[in-house]
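Here's the structure we're looking at; comments come further down.
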Amino acid sequence: MSAPSQPPSVAQPPATPTASRTGATFTPPGEDDIPSGPFGDLVRHGRDIFTDTGTYAAAYVGNGLSCSNCHLDAGRLANSAPLWGAYVRYPAYRSKTGQVNDYIQRLQGCFVYSMNGKAPPAGSSEMLALEAYSFWMSKGAPVGATLAGAGYPKMKAPQPPDYRRGELVFQDNCALCHGKDGQGQKVAGRFVFPPLWGPDSYNWGAGMHQLDNAAAFIQANMPLGRGGSLGNQQAWDVAMFIDAHERPQDPRFTGDVAATRKLFHDDPNSLYGTVVDGRLLGANPPGPGAQKNRSVHQ
Ligand code: HEC
Ligand code: HEC
């Protein structure tokens, strides 16, 4: 372990910390530090699931994403909801579920929504491996702490986000990698640049569909390799542009968009059930048929 005064060993400098984000910095162990033996094997398996989810946890994935597409550098990067920032802060109350959830339940949430899939059961080999990987990466982190660099660093926009301005930010800064149509790019049938909306992206229940989360992730981490280069307003505008496109239905869908909004999306950060650019969002999600045809792992 390095001295606690050192900044996290990350590929990019963390975005400007805000006053609310206090606490010690933390340096997770490096990949080479994974021990040999059964525990190390399980940790490596967890890393493989995290970075190539469609291959190593295929039964539980319903889109073209991997965990590490949003939790960068294999879950290590500060300000992209790193695993070491997460592991030490559960069990915790979550307003999304209205309950205290443990770490396993938190992992399951990202399978159901971010991966548009199914939750691997507690005790399954997949869950055990992801838990071992997170535990290993958090070695020496103080239990119960909110570490600097944990989560996505939320920030406010000077003005309300705007779809048209966001479209321009997207064309200038994102389309090169994610495609003009936001559908990402594949090489040899596998996504090298992940889709931002449509059948292979995160669904309407995912954290990334919320404007504050998406803006924070984007401002800190995108364009890839140039995190921190967009202004707060640009990040919010492009977050709105992305999250005003159709994606797989919220698994909690009641059969009625307005009722589903009232129950689960009664929040200014959610565009679900609102009309943007003439489209009622959530009303025309790409169906499972489209998903099957487009999915990498079929
Ligand atoms: C589309 C992007 C996306 C994908 C893919 C994704 N996540 Fe997440 N994840 C998020 C967002 C957004 C949050 C909420 C972060 C916050 O609240 O600050 C989150 C939160 C988490 C947390 C809790 C973080 C914390 O600090 O409390 C864990 C653990 C987690 N995800 C694990 C996973 C795992 C495991 C996978 C793959 C099975 C995965 N995620 C896939 C976007 C994603
Ligand atoms: C240089 C190529 C590149 C550019 C430019 C780029 N991205 Fe990304 N983006 C990526 C890659 C690659 C990932 C997945 C990261 C990983 O797996 O390590 C990603 C991940 C994402 C994700 C999370 C995964 C998903 O599919 O939802 C979002 C959201 C995102 N980018 C938004 C943007 C936005 C908005 C811009 C423009 C401001 C942008 N990106 C510009 C390459 C790029």
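The values are calculated or read from the model by the stated rules, or taken from the named source; none is laboratory data. The model shown is predicted, which means the values in this text are computed figures rather than measured ones. Neighbour counts are summed over all protein chains in view; Cβ atoms, including those assigned to glycine, are modelled from backbone coordinates with ideal geometry. Just so you know, the surface numbers come from the protein's heavy atoms only, side chains and all, with ligands and any DNA or RNA stripped out. Shrake-Rupley method; radii C 1.70, N 1.55, O 1.52, S 1.80 Å.
Would you point out which residue out of LYS156, LYS180 is of a type outside the set (Asp, Glu) and free of Cβ contacts under 8 Å to residues at least 12 places away in the same chain? Write out each step before concluding.
Working: LYS156 fails: free of Cβ contacts under 8 Å to residues at least 12 places away in the same chain.
The unique qualifying residue is LYS180.
When GLY123, GLY151 are screened for being within 16 Å of ligand 2 (Cβ to nearest atom), under 30 Å from ALA58 (Cα atoms), open to solvent by 10 Å² or more (accessible area, probe 1.4 Å) and not assigned by TED's automatic domain parsing to the domain that holds PHE217, only GLY151 passes.
It is to be established whether one or more residues within the stretch 209-229 are under 16 Å from TYR113 (Cα atoms) and open to solvent by 20 Å² or more (accessible area, probe 1.4 Å). Give the steps one after another, and end with the answer.
Restricting attention to the stretch 209-229, the residues satisfying the condition of being under 16 Å from TYR113 (Cα atoms) are 209-211, 213-214.
Subsequent filtering for residues that are open to solvent by 20 Å² or more (accessible area, probe 1.4 Å) retains 210, 213.
Yes, some residue in the stretch 209-229 is under 16 Å from TYR113 (Cα atoms) and open to solvent by 20 Å² or more (accessible area, probe 1.4 Å).
Taking the criterion of being open to solvent by less than 20 Å² (accessible area, probe 1.4 Å) and under 13 Å from the mean Cα position of the chain (by Cα), the only residue of the stretch 34-52 that qualifies is PHE50.
Specify the residue that is farthest from PHE170 (Cα to Cα); the eligible residues are those in the stretch 184-205 that are assigned to a strand (DSSP E or B), among the hydrophobic types (A, V, I, L, M, F, W, C) and in contact (Cβ under 8 Å) with a residue 12 or more places away in the chain.
Taking the stretch 184-205 first, the residues assigned to a strand (DSSP E or B) are 185-187, 190-193.
Right, trim to among the hydrophobic types (A, V, I, L, M, F, W, C) and you get 187, 191-193.
Of the ones still in play, those that are also in contact (Cβ under 8 Å) with a residue 12 or more places away in the chain are 191, 193.
Values: PHE191: 19, PHE193: 15 Å.
Among them, the one singled out is PHE191.
Screening ASN79 on (1) within 12 Å of ligand 2 (Cβ to nearest atom); (2) of a type outside the set (Asp, Glu); (3) more than 22 Å from GLY184 (Cα to Cα) shows it passes everything except condition (1). Just the residues that are over 18 Å from LEU128 (Cβ atoms), open to solvent by 40 Å² or more (accessible area, probe 1.4 Å) and among the charged types (D, E, K, R), please, taken from the stretch 68-115. Residues satisfying the conditions are ASP73, ARG89, ARG94, LYS96.
Assessment of the stretch 24-42 against the conditions (part of a loop (DSSP other than H, G, I, E, B), modelled with pLDDT under 95, of a type in the set (A, V, I, L, M, F, W, C) and more than 13 Å from ligand 2 (Cβ to nearest atom)) yields at least one matching residue.
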